[in-house]
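The structure under discussion appears below in the form of structure tokens.
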Amino acid sequence: MVTIKIITVILSLAVTCLGLTAQVRKNYLKKSVEGLSFFYFSLLAISYTFWSIYGFSQHDLVLIVPMSLGMLMSWLIVAQFLRYRT
């Protein structure tokens, strides 16, 4: 069971770090969020937030670690929408 938890955390972090971090960087370099859905990233940020809260309430690092990173990165993209809106 521990092996499955480790693999889950690693894969979740990989997806979050590669996907959302790359999007944040691209937005920053372009100073634009053109073509992205504010609604989608807002829902994503809310979802990650609730999963993080649930992980903390269960003291479950398998949820806390990747969901907290996802929460941070998705809220950062939402903030970029506010910063770069035209």
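Listed values, structure above:
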item: Helix 21-30 vs. the chain, principal-axis angle (Cα, 0 to 90°, nearest 10); result: 10 degrees
item: Cα principal axis extents for the chain, largest first, Å; result: 48, 22, 14
item: Portion, in percent, of the accessible area of the chain that falls on carbon or sulfur, probe 1.4 Å; result: 72 percent
item: Cut-off 13 Å (backbone N to label point 7 Å along Cα→Cβ of residue 82), residues of the stretch 22-45; result: 42
item: Spin-label pair residue 29/residue 1, simplified geometry with 7 Å Cα→Cβ offset, distance in nm; result: 4.4 nm
item: Solvent-accessible area per residue, Å², over the stretch 1-62 with all protein chains present [probe radius 1.4 Å]; result: 75 Å²
item: Mean separation of Cα contacts under 8 Å, 6 or more apart, over the residue count of the chain: relative contact order %; result: 41 percent
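The values are calculated or read from the model by the stated rules, or taken from the named source; none is laboratory data. Source: prediction; values computed, not measured. Cβ sites come from the backbone with ideal geometry, for glycine too, and all protein chains shown count toward neighbours. The protein model used for the area step is the full one, side chains on, heavy atoms only, and it has no ligands, DNA or RNA in it. Shrake-Rupley method; radii C 1.70, N 1.55, O 1.52, S 1.80 Å.
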